[in-house]
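K.L.:
This is the structure I want to talk about, given as structure tokens.
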Ligand code: SF4
Ligand code: SF4
């Protein structure tokens, strides 16, 4: 896959210097095109061809996520991203408070590049065989919660919700997870899905990846405990599917349940969730 | 008014809100502009931002910390909070 890298300029924090270094190393290791964020901001035309010919990797330094926000503001399709601050946490390294690249910064940049090169070589997270969407029939009837000119749909049955607007639909010992129509509308168009890793085991209310829109970064709070057995590759490549069909084709992950039905005690049924949504919509 | 509950427990009994590390905060106000629940408030003086309404914070949400460049916002431990909530739910159901 041919790639282009858009990174932080690296002139505000040490994490930024690492992002910038990772971009340079991606150019060396994987022949990626480097996109200068300042120049891109000044002249999209300069990079039109590069963007048309390559998949875009975004490397942000810190959670301000300037590079991501720039890409979003220009409506660029992001294929992969890395947040150096997160990579730093999982590496256990510490960075010196300087903008010059130090030994640890260089090591971290290399780890990031190795991870990217590896993920580019591996095929996209596949849907394991035998878990086609036909096993989960589409949602049936909906309850409708209205507020002002908005309408929020909630499937009448088969779905359970946590108060963080994430649904679970169990079927035997597996379950699908996604976000509610209410949350999908609050986030507006979702432009990036950071899905959890396959085989990740998660506790109830643990983190199952994040979704990003121009308005927010949303943490998917697991409604149930389990192990990730499938990631919906269609929403990873086309995140607005979540906006279009939040309870059906917009499912995010499939879990093997580890503590059902006990987990259900802490979840809301459709009627209770409808009340919660009404309350949230009135407060917002 | 005790209408606000989370998982059947009165909201004010659950400790869940961001804490600002004033050594790190640059008062960029990204978090305050981001959160729709009026958890943060801007003030005069040195500490120009405070967590004024901790109980407005949505339990288990950590979204504002994902907008904070200097990583100045922290939250309680989730598992500990869940354990706490479960315990309170049991007390409520016994009464
Ligand atoms: S986003 Fe972080 S640095 Fe900015 S005001 Fe909030 S706590 Fe402070
Ligand atoms: S955690 Fe969520 S609800 Fe709480 S202050 Fe941050 S953004 Fe607001």
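K.L.:
Which angle between 0 and 90 degrees, to the nearest 10, do you get for helix A:14-30 versus the longest principal axis of chain A when only C-alpha atoms count?
P.N.:
That works out to roughly 80 degrees.
K.L.:
While we're on this one: Starting with the fewest neighbours, write out B:67, A:188 ranked by other beta-carbon atoms found within 10 Å of each beta-carbon.
P.N.:
Final ranking by Cβ density, sparse to dense: A:188, B:67.
K.L.:
Relative to the compact globular guide of 2.2 N^0.38 Å, what is the alpha carbon radius of gyration of chain B, as a ratio?
P.N.:
Relative to the 2.2 N^0.38 Å estimate, chain B comes out at 1.20.
K.L.:
For the stretch A:3-121, what's the relative contact order in percent, using C-alpha pairs closer than 8 Å and at least 6 residues apart?
P.N.:
Result for the stretch A:3-121 is 34 percent.
K.L.:
Quote the relative contact order of the stretch A:175-284 in percent (integer), defining contacts as alpha-carbon pairs under 8 Å separated by 6+ residues.
P.N.:
Values: 201 pairs, mean separation 33.0, N = 110.
It rounds to 30 percent for the stretch A:175-284.
K.L.:
Shielding of B:56-69 by partners, i.e. mean partner chain Cβ atoms within 10 Å per residue?
P.N.:
That works out to 5 on average.
K.L.:
Now a separate question. Compute the acute angle (0 to 90°) between the alpha-carbon long axis of helix B:78-94 and the principal axis of greatest extent of the alpha-carbon atoms of chain B; round to the nearest 10°.
P.N.:
Compared with the principal axis, the helix lies near 30 degrees.
K.L.:
Right, here's the next one. What distance in nm separates the two pseudo spin-label positions at residue A:91 and residue A:215, each 7 Å out from Cα along the beta-carbon direction?
P.N.:
For the pair residue A:91/residue A:215, the computed spacing is 3.5 nm.
K.L.:
Then there is this: Hey, what did chain A get for relative contact order, percent, Cα under 8 Å, at least 6 apart?
P.N.:
With pairs under 8 Å counted, the relative contact order is 15 percent.
K.L.:
Over what distance in Å are the Cα centres of the stretch B:11-30 and the stretch A:43-93 separated?
P.N.:
Using only Cα atoms to place each centre, the spacing works out to 27 Å.
K.L.:
Sorted from fewest to most neighbouring beta carbons within 10 Å, what does the list A:147, B:17, A:199 look like?
P.N.:
Details: A:147 14, B:17 19, A:199 9.
The most exposed by this proxy come first: A:199, A:147, B:17.
K.L.:
Another one. Quick one: Debye curve from the alpha-carbon atoms of chain A only, equal weights, vacuum; give me log10 I(q)/I(0) at q = 0.08, 0.09, 0.13, 0.14 Å⁻¹ to two decimals.
P.N.:
-0.38, -0.48, -0.93, -1.03
K.L.:
Can you give the angle from 0 to 90° between the axis of helix A:270-283 and the longest principal axis of chain A, with both taken from C-alpha atoms, to the nearest 10?
P.N.:
Compared with the principal axis, the helix lies near 60 degrees.
K.L.:
Moving on to the next point. For chain A, with a Gaussian network of springs between Cα atoms less than 10 Å apart, report the residue from A:244, A:141, A:33 with the top mean-square fluctuation.
P.N.:
A:141
K.L.:
Give me A:258, A:180 ranked fewest to most by other Cβ atoms within 10 Å of their Cβ, as a rough exposure proxy.
P.N.:
On the way: A:258 16, A:180 24.
Fewest-to-most Cβ neighbours within 10 Å comes out as A:258, A:180.
K.L.:
How high is the FRET efficiency between residue A:118 and residue B:27 when r is their beta carbon distance and R₀ equals 41 Å, given to the nearest 0.05?
P.N.:
Using R0 = 41 Å, I get an efficiency of 0.55.
K.L.:
Let me ask something additional. Taking the simple approach of a point 7 Å from Cα along Cα-to-Cβ for both residue A:39 and residue A:143, what is their distance in nm?
P.N.:
Result for the modelled spin labels: 5.6 nm.
The numbers here are math on the coordinates, done by the rules we state, and not lab data. Being a predicted model, the structure only gives us computed values, none of them experimental. Because the Cβ atoms are built from the backbone with ideal geometry, glycine has one as well, and the counts that use them run over all protein chains shown.
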